[in-house]
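To keep things clear, I will list the structure first and then write my remarks on it.
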Amino acid sequence: MSRSNHAGKKSNQWYTMDVHVHTPASEDYQQPEVTYLDILQKAEARGIQILAFTDHNTIAGYRTLQDEIQQLEFLEKLKRLLPEEQKKLNEYHRLLNKILLLPGFEFTATLGFHILALFSPQKSVREIEHLLLSLSIPPQSLDDGTPAIGASVDVLSAYSLIDQANGLAIAAHANSTNGVAMRGMNFGGQTRIAYTQDIHLHALEVTDLEMKGNRTTAAFFSGTKPEYPRRMHCIQGSDCHRLTTDPVRKKNLGLGDRATDVLLPELSFEALKELFLSNDFSRTRPHRVKEEPAFDFIQAAREEGSNIIQDFHESASVRGGKLYAVLSDICAFSNTNGGTLFIGLTADPHGPVQGVTSPDQLIKQLEKEIPSRISPPAVNTIDIQKYRGKEILRILIPRGEEPPYALDDNKIYIREEDETNLAVRDEIVNLVQRGLQKSGTAPVIAVSNTLPSEPAVTGNTPNIEPQEDAHTDPRTGVEVLDPIQRDGKLFYSLRDLRNGNTVKNVTTSSARRLWHYAISKYAEVSPAIEKANITWQGNYGLLHKYSHGNNVHFDLIQKTDSGYRYFFGVTPDGIHGPWKAFFSEEEGNS
């Protein structure tokens, strides 16, 4: 089923939020003389419109503010307010009519990982305290506000309990100290992946949102990494333990020093939660105090080019199979990691923009074609965007929950890097297994035969890159295994390095583009490998480096005790460990 939001919706507006703010209720707050009214006034001065009190393992700060207001309102009702108290109450009312104040807390899970929990203002303090007890905060510690507590629940249980309580679960400073993507914690790879991919987790708070390039946290969790297929909303917060920036230690931020802008139809918790549940990643941006040119997410997408989660079409006309190409991409994104389609322009960031002449008419056509031709119905959102004076269509496609999705009943497409291809038998089997796991009618089957990796960070300086482990295979491209011959014909097995799945019985004539390239290069290189021009670093070698789209690609080789292994079409995302000897930072940020 498709959803269009181009008409009849409320006009969106940018709001600035800081949803990681401590108060004197936190044990480690650095300015205990600060009042709750001071905090609200500071938020107003910094232009903060959405504010959350997130003290360590307590709701005591938010409760104290509520109690103070209720006491003043009670005295006002009795006509016993002093002039200064009346002034204070009026100021509270004025500020809370202007600022959306959310109750919340920063929870310390097992192993010391921090998780933000945010709730609607309609959520009672008593309910939130009950949740804290469910999270194993000792009753005698509910008002302590200390980050160090005894045995609490694990990260995944915390996500689930917060979500079940209708809260927002956000991984606090995920790429930094006490963050779920922190380096050096020794536990299972699948568990680490779940810490940033779990369905009950709504967003990641990061410390490098304003940085650009392929090494940022947001880029790592963009849905393009093999082991991290779910694209995550990334925000930033001040994590302030004081009202103003520490003049001596500048890293001790003040309220609003690191904030996020969110595009919402209204100023409400419900609108904020809807944003984090959506797969529209153009509605968050780092807040900047100084006026700068507006962030153009379409231009940024063109500069990234076509990849596993986005593509571009000049039109969606029936003529020339262009509508079919759009539908096959929607099918492929639904079967793979989800993604975004732009209609009315090419991926060339400097190329002309054709635009869509009759966008409303095209939307109606797509809303008719998508549900009638893709089964089961693929959920997507279509809207109209302005870009360089032209109207284009944007289609947001989430990762499907009922794979495999088929176009015209029997054509099953998948996305592989920047290509949409028909799935072969083994890939269809994997999609069926994924669908059965989702429905709970099949046991959990490992999708990957490789050892998962993890994002790694050091302190406040992010180093978002898979941590090296004993498994050194590249993480993208394909590995060509030794072929077998039947009736004079060679049949190849190809291992998808993104997920470890092996596709068998591939021939030169049946191979898709990357596979065909890999088989051809393998047939060319392997018979005379000892004479090939290879750049070696120990047992790891570079066969060939070439440009494809916006990225450099690598053909690699590895010496083993039993012979050689061949890897083709490896992208920068797949380079790690010893392979980095053949890769420069300039290539990674190009």
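The values are calculated or read from the model by the stated rules, or taken from the named source; none is laboratory data. Nothing here was measured: the structure is a model prediction, and the numbers come from that model. Every residue, glycine among them, receives a Cβ derived from its backbone with ideal geometry; neighbour counts consider all protein chains shown.
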Pairs with Cβ under 8 Å, 6+ apart, first in the range 191-217 and on the phi > 0 side of the Ramachandran plot, second among the hydrophobic types (A, V, I, L, M, F, W, C): GLY213/ALA219
Long-range neighbours under 6 Å by Cβ, at least six apart or interchain, first residue at pLDDT 95 or above within the range 157-171, second of a type in the set (S, T, N, Q): LEU161/SER134
Boolean, GLU127 is assigned to a helix (DSSP H, G or I), assigned by TED's automatic domain parsing to the domain that holds GLU44, farther than 20 Å from TYR36 by Cα and at pLDDT 95 or above: yes
Residue check, LEU345 farther than 16 Å from ARG394 by Cα, of a type in the set (A, V, I, L, M) and surrounded by 15 or more Cβ atoms within 10 Å (Cβ to Cβ): no
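Take the residues in the range 552-571 that are buried (at least 19 other Cβ atoms within 10 Å of the Cβ) and touching a helix residue (DSSP H, G or I) at 6+ places or on another chain (Cβ under 7 Å), then tell me which one is modelled with the lowest pLDDT. Full working, then the answer.
Filtering the range 552-571 down to residues buried (at least 19 other Cβ atoms within 10 Å of the Cβ) leaves 552-558, 566-571.
Now restrict to residues that are touching a helix residue (DSSP H, G or I) at 6+ places or on another chain (Cβ under 7 Å): 552, 554-556, 566, 568-569.
On the way: VAL552: 89, PHE554: 96, ASP555: 96, LEU556: 97, TYR566: 97, PHE568: 96, GLY569: 93.
Among those that are buried (at least 19 other Cβ atoms within 10 Å of the Cβ) and touching a helix residue (DSSP H, G or I) at 6+ places or on another chain (Cβ under 7 Å), it is VAL552.
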Within the range 300-323, considering residues that are in contact (Cβ under 8 Å) with a residue 60 or more places away in the chain and farther than 19 Å from PRO359 by Cβ, the one surrounded by the fewest Cβ atoms within 10 Å (Cβ to Cβ): GLU303
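Need at least 3 residues that are in contact (Cβ under 8 Å) with a residue 60 or more places away in the chain per element, so show me which strands (runs of 3 or more DSSP E) inside the range 489-590 make the cut, counting only ones lying wholly within it. Let's see the steps before the verdict.
Details: elements: 489-496, 502-506, 535-537, 540-548, 551-560, 563-570.
Qualifying strands (runs of 3 or more DSSP E): 502-506, 551-560, 563-570.
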Count - residues of the range 393-408 that are surrounded by fewer than 22 Cβ atoms within 10 Å (Cβ to Cβ) and in a loop (DSSP other than H, G, I, E, B): 5
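Here are ALA378, ALA347: which of them is in contact (Cβ under 8 Å) with a residue 40 or more places away in the chain, closer than 28 Å to PRO226 by Cβ and under 21 Å from the mean Cα position of the chain (by Cα)?
Numbers: ALA347 fails: under 21 Å from the mean Cα position of the chain (by Cα).
Going through ALA378, ALA347 in turn, the sole match is ALA378.
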